[in-house]
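> Sharing a structure, written as structure tokens. Questions coming.
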Amino acid sequence: MIDMDSRLRVARGIAKTETEAAIEVFQTLKRRGHPDAPPPTVSDGWGGIDEAMVEVYGVVPEYKGVGRPPTRKRPQSDWQYLQVVKQRENGRVVGTKLRVIYGDEDEVLKLLGKSIAYVERTHLTMRLFNGRLTRKTLAFSKLLEMYRASAVWEDLAYDLVRPLKTLRVEVFFDDPHRRWKPRTPAMAAGLTDHIWTVKELLKTVVPP
């Protein structure tokens, strides 16, 4: 999952099914600043995310004394989740359909927009930088453990080492040849003040 403003990859989920992977993502987000409710979310039309939200953040309704006590978790009224479903003809994308899963339709569309371009672009970047995602090749991962290890490294390099052109900011120096300051997603999110090197990344020990 990426943050739309900073492009920071804030969580990852790796599992056998979409639902299991989404549950892992929201469990991570619950530990990282969203303890009570999922952040506003936009995704493509693949399933699993709405079920994962309910599994991680859902609440069993209070028993009102009539009938059987409720046992199933329910989504909450303040959640916001939008799906952008691709419409295809003869294998080609010809349009998209918006589907508001949770939240007020007007508020969700105003907040989240009508595109998943950032998601699609980061998927492309992942397939370019991580050979284990490239289908029908010898590098494609068969073991979750090996893919998880490569995904962790690729996420760290993306967030800390690789500056993105869309995140650069204009600066004003006496040097006429330098107009822009490059930034990584971690810099845009305020997590660091410089572009890391691979050497720095490898030598940094993260406390448990």
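The values are calculated or read from the model by the stated rules, or taken from the named source; none is laboratory data. Keep in mind it's a predicted model, so treat the numbers as computed, not measured. Don't worry about glycine lacking a Cβ; one is built from the backbone with ideal geometry, like all the others, and counts go over all protein chains shown.
> Give the residue, chosen from Val25, Val100, Val10, Val54, that is at pLDDT 90 or above, surrounded by 15 or more Cβ atoms within 10 Å (Cβ to Cβ), in contact with a strand residue (DSSP E or B) (Cβ under 6 Å, 6 or more places away or on another chain) and not acidic (Asp, Glu). Let's see the steps before the verdict.
Numbers: Val25 fails: in contact with a strand residue (DSSP E or B) (Cβ under 6 Å, 6 or more places away or on another chain); Val10 fails: in contact with a strand residue (DSSP E or B) (Cβ under 6 Å, 6 or more places away or on another chain); Val54 fails: in contact with a strand residue (DSSP E or B) (Cβ under 6 Å, 6 or more places away or on another chain).
Unique residue meeting the criteria: Val100.
> Any chance the range 59-75 includes a residue that's modelled with pLDDT of 90 or more, among the small types (Gly, Ala, Ser) and either closer than 28 Å to Leu144 by Cα or not assigned by TED's automatic domain parsing to the domain that holds Leu143 (or both)?
No; the residues of the range 59-75 include none that is modelled with pLDDT of 90 or more, among the small types (Gly, Ala, Ser) and either closer than 28 Å to Leu144 by Cα or not assigned by TED's automatic domain parsing to the domain that holds Leu143 (or both).
> Just one of Gly45, Gly33 is exposed (fewer than 15 other Cβ atoms within 10 Å of the Cβ), more than 16 Å from Leu144 (Cβ to Cβ) and touching a strand residue (DSSP E or B) at 6+ places or on another chain (Cβ under 9 Å); which is it?
Values: Gly33 fails: touching a strand residue (DSSP E or B) at 6+ places or on another chain (Cβ under 9 Å).
Only one candidate qualifies: Gly45.
> Looking at (1) closer than 29 Å to Asp50 by Cβ; (2) buried (at least 16 other Cβ atoms within 10 Å of the Cβ); (3) in contact (Cβ under 8 Å) with a residue 12 or more places away in the chain, which is the only condition Leu144 fails?
So Leu144 meets the others, but not (2).
> Identify the residue in the range 1-12 that is touching a residue at least 60 places away in the same chain (Cβ under 8 Å) and part of a loop (DSSP other than H, G, I, E, B) and, among all such residues, is farthest from Leu143 (Cα to Cα). Please lay out each step first, then the result.
Keep residues of the range 1-12 that are touching a residue at least 60 places away in the same chain (Cβ under 8 Å), which gives 2-9, 12.
Pick out the ones that are also part of a loop (DSSP other than H, G, I, E, B) and you get 3-8, 12.
Details: Asp3: 28, Met4: 30, Asp5: 33, Ser6: 31, Arg7: 28, Leu8: 26, Arg12: 17 Å.
Looking at the filtered set, the residue picked out is Asp5.
> Follow-up. Considering only the range 116-136, how many residues are touching a Ser or Thr at 6+ places or on another chain (Cβ under 8 Å) and either over 14 Å from Thr41 (Cα atoms) or polar (S, T, N, Q) (or both)?
Quick first cut of the range 116-136, residues touching a Ser or Thr at 6+ places or on another chain (Cβ under 8 Å) only: 116, 119, 127, 130-133.
Within this subset, residues satisfying the condition of being either over 14 Å from Thr41 (Cα atoms) or polar (S, T, N, Q) (or both) are 127, 130-133.
Final tally of qualifying residues: 5.
> Which pairs turn up if I take residues in the range 188-208 that are closer than 20 Å to Arg168 by Cα and look for partners that are among the polar types (S, T, N, Q) and at pLDDT 95 or above with beta carbon separation below 8 Å, at least 6 apart in sequence or on another chain?
Pairs that qualify, where the first residue is closer than 20 Å to Arg168 by Cα and the partner is among the polar types (S, T, N, Q) and at pLDDT 95 or above, are Thr192/Thr184; Ile195/Thr184; Trp196/Thr184.
> Sort through Val25, Val42, Val56, Val66 and tell me the only one that's out of contact with any Lys or Arg (no Cβ under 8 Å at 6 or more places or on another chain), among the β-branched types (Val, Ile, Thr) and closer than 30 Å to Gly190 by Cβ. Steps first, please.
Details: Val25 fails: out of contact with any Lys or Arg (no Cβ under 8 Å at 6 or more places or on another chain); Val56 fails: out of contact with any Lys or Arg (no Cβ under 8 Å at 6 or more places or on another chain); Val66 fails: closer than 30 Å to Gly190 by Cβ.
Selected residue: Val42, the only one of Val25, Val42, Val56, Val66 that is out of contact with any Lys or Arg (no Cβ under 8 Å at 6 or more places or on another chain), among the β-branched types (Val, Ile, Thr) and closer than 30 Å to Gly190 by Cβ.
> Which residue, of Ala15, Ala52, Ala22, Ala37, is at negative phi and in contact (Cβ under 8 Å) with a residue 60 or more places away in the chain?
On the way: Ala52 fails: in contact (Cβ under 8 Å) with a residue 60 or more places away in the chain; Ala22 fails: in contact (Cβ under 8 Å) with a residue 60 or more places away in the chain; Ala37 fails: in contact (Cβ under 8 Å) with a residue 60 or more places away in the chain.
The match here is Ala15.
> Within the range 31-147, which helices (runs of 4 or more DSSP H) (wholly inside it) include 1 or more residues that are among the hydroxyl-bearing types (Ser, Thr, Tyr) and under 23 Å from Asp3 (Cβ atoms)? Let's see the steps before the verdict.
Working: elements: 49-57, 105-112, 117-129.
Because the criterion is at least 1 residues that are among the hydroxyl-bearing types (Ser, Thr, Tyr) and under 23 Å from Asp3 (Cβ atoms), the helices (runs of 4 or more DSSP H) in the range 31-147 that meet it are 49-57, 117-129.
> Residue by residue through the range 62-94, note down the ones that are of a type in the set (Lys, Arg) and either in contact with a His (Cβ under 6 Å, 6 or more places away or on another chain) or within 17 Å of Val42 (Cα to Cα) (or both).
Within the range 62-94, the subset of a type in the set (Lys, Arg) is 64, 68, 72-74, 86, 88, 92.
Answer for the range 62-94, where residues must be of a type in the set (Lys, Arg) and either in contact with a His (Cβ under 6 Å, 6 or more places away or on another chain) or within 17 Å of Val42 (Cα to Cα) (or both): just Lys86.
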